1. Mind listing whichever residues of segment 32-76 are part of a helix (DSSP H, G or I) and β-branched (Val, Ile, Thr)?
2. Quick check: anything in segment 69-92 surrounded by 10 or more Cβ atoms within 10 Å (Cβ to Cβ), touching a helix residue (DSSP H, G or I) at 6+ places or on another chain (Cβ under 6 Å) and at pLDDT below 90?
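The values are calculated or read from the model by the stated rules, or taken from the named source; none is laboratory data. Because the structure is a prediction, the values reported are computed rather than measured. Heads up, the Cβs are rebuilt from the backbone with ideal geometry, glycines too, and the neighbour counts pull from every protein chain shown.
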Amino acid sequence: MHPFSVLTIGIFAAGYITARWDLVTQLYELAIFARDHGVWTRAAKGFAVLSVFLIVLIIPVERIAAREASQHPRVGGGGISAKEQLKRRGSF
């Protein structure tokens, strides 16, 4: 292999390893910051509030909509396709 290629690959590998190590270090510092500032408890509270919102509001509305849809099904166009309707009107 050409010496320039070996040097290039070595520089790339060193930069890649350095970048990965920096990323791991930043993630570790972020986890410590989140723990110190109560981010986990606030996230858990938010998750609980959204879960209650889903259970109390969204699910009953979905049930009502499903019941109404089954009681009042949509009526088709009498079994006639759109193409057939256009033919009968003379538009096709």
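1. Of the residues in segment 32-76, the ones part of a helix (DSSP H, G or I) are 32-36, 39-71.
Matches in segment 32-76: 32, 39, 41, 49, 52, 55, 56, 58, 59, 61, 64.
2. Yes, there is a match, as at least one residue in segment 69-92 is surrounded by 10 or more Cβ atoms within 10 Å (Cβ to Cβ), touching a helix residue (DSSP H, G or I) at 6+ places or on another chain (Cβ under 6 Å) and at pLDDT below 90.
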